[in-house]
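Nothing in this text is a laboratory measurement; each read-out follows from the coordinates by a stated rule. Predicted model, so just to flag it, every value in this text is computed and none were measured. With ideal geometry, Cβ positions are generated from the backbone for all residues, glycine too; neighbour counts draw on all protein chains shown.
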Amino acid sequence: MIQVQGLCRSFQDSKRGTVKAVDQVSFEVERGEIFGLLGPNGAGKSTTLRLISTLLKPTGGNVSVNGFDINTHPAEVRKQIGFLTGDMGLYPRLTPREILVFFGRLAEVPEAQLTQRADALIDRFDMRDFADTRSDKLSSGMKQKTSIARTLIHDPPVLILDEPTATLDLPTARIIEGNILDAKRDGKCIIYSTHIMEEAEYLCDRIAVINHGQLKICGTMDELRAATGKQRLREIFLELLTLGEAA
């Protein structure tokens, strides 16, 4: 459902000159797959996610999302995607229920379905106790549940999740992980970015590591173990970064 081919994004820096934030990145993600995209801060993974989501324009290469080209049909691409960014995008004076309805209308969810869909997500994420509380009164876990529910309100076939469980306590993270697995079982195509290695190892069918804008490796855990001689994802990740610095 997602095809990334030779994706590039460069920008000019007054001190460093031309900086390649994303450099010839290619991969594919299938329906019903959770694809992990890992990398240290500044590696290019968030830029890659923004390029796929049409928030940035590439300087080279191309991406197809569910058959739509990001360069020629960006509006159609956006309809296919539920994108969770590091910025939760919640309006402080609105309640979670109001936020779901508002974003549902932006996504042109039919009014006849919108209330039912919002109620279903409120139940799914165990949000009943705070669904009608203003967002500026919510804990970080409550806000994150609301943000993820917001990405699902229009029932997109593709989910792009950037650090969905960052800063959350274990019970809340477990609820979110469970819903991500449910989305996979529903056949959604999911790109999952996280710094939590154990989480990626548990959730992801395949994992790619990006550093200095370049894709260093991509495969299942067994393939990553065979390629590096390491067993745990944490060790594999550090090994790839060390090799990259040595090169």
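When peptides 189-199, 77-87 are ranked by their average number of other Cβ atoms within 10 Å per residue, the highest-first order is 189-199, 77-87.
FRET efficiency for the pair Thr167 and Arg128, taken as 1/(1 + (r/R0)^6) with r the Cβ-Cβ distance and R0 = 25 Å, rounds to 0.65. Taking all Cα-Cα distances within the chain, those exceeding 24 Å account for 48%.
Largest GNM mean-square fluctuation among Gln24, Gln113, Gln144, using the chain with Cα springs under 10 Å: Gln113. Report the paramagnetic label zone for Thr115: residues of the stretch 64-99 whose backbone N is under 18 Å from a point 7 Å from Cα along the Cα-to-Cβ axis. Hits in the stretch 64-99 for Thr115 at 18 Å: 95-99. With only Cα atoms counted, the stretch 40-107 has Rg and Dmax values of 14.3, 41 Å. Note on the chain: with a GNM built from Cα contacts shorter than 10 Å, the maximum mean-square fluctuation among Leu106, Leu38, Leu203 falls on Leu106.
Report the full-extension gain for the segment Arg185 to Gln12: residue separation times 0.36 nm, less the Cα-Cα distance, to one decimal in nm.
Working: separation 173, 0.36 × 173 = 62.28 nm, distance 4.23 nm.
That works out to 58.0 nm of additional length.
The calculated FRET efficiency for Gln5 paired with Arg93, based on their beta-carbon distance and R0 = 45 Å, is about 0.60. Every helix of 4 or more DSSP H residues in the chain counts as -39500 (n - 2.57), and over all residues that averages to -12000 deg cm²/dmol at 222 nm. A viscosity of 1.002 mPa s and a temperature of 20 °C, combined with the Kirkwood radius over C-alpha pairs in the Stokes-Einstein formula, give the stretch 49-170 a diffusion coefficient of 141 µm²/s. Separation of the stretch 45-80 and the stretch 98-149, taken as the distance between their Cα centroids, equals 26 angstrom.
Projecting the Cα atoms of Ser26, Thr59, Met221 onto the dipole axis of the chain, where Lys and Arg carry +1 and Asp and Glu carry -1 at the beta carbon, places Thr59 farthest toward the positive end.
Within 12 Å, Cβ to Cβ, of Ser53, how many net charges do the neighbouring residues add up to if Lys/Arg are +1 and Asp/Glu are -1? Each step should come with its number before you reach the end.
Values: positive: Arg50, Lys57, Arg78, Lys79; negative: Asp162.
Taking every Cβ under 12 Å from that of Ser53, the sum is +3.
Among the GluC sites (Glu not before Pro) found in the stretch 39-134, those both in a DSSP coil and sparsely packed, with 15 or fewer other Cβ atoms within 10 Å of their Cβ, are Glu108.
Extending 7 Å from Cα along the Cβ direction at Ala227 and again at Lys79 yields two label points whose distance is 3.6 nm. Checking the Cα-Cα distances for Lys20/Lys145; Lys137/Lys184; Lys20/Lys230; Lys45/Lys230 against a 25 Å cut-off, the pairs over it are Lys20/Lys145; Lys137/Lys184; Lys20/Lys230.
In this structure the amide hydrogen of Leu159, modeled in the peptide plane, comes within under 5 Å of the amide hydrogens of Gly82, Cys189, Ile190, Ile191, none closer than 5 places in sequence on its chain.
Other residues with beta-carbon under 12 Å from the beta-carbon of Ala21 carry, at +1 per Lys or Arg and -1 per Asp or Glu, a net charge of +3.
Considering only Leu161, Pro110, Gln12, and ranking their Cα positions along the charge dipole of the stretch 2-246 that arises from unit charges at the beta-carbon of Lys, Arg, Asp and Glu, the one farthest toward the positive end is Gln12.
Panel order for Arg206, Arg174, by other beta carbons found within 10 Å of each beta carbon, from fewest to most: Arg174, Arg206.
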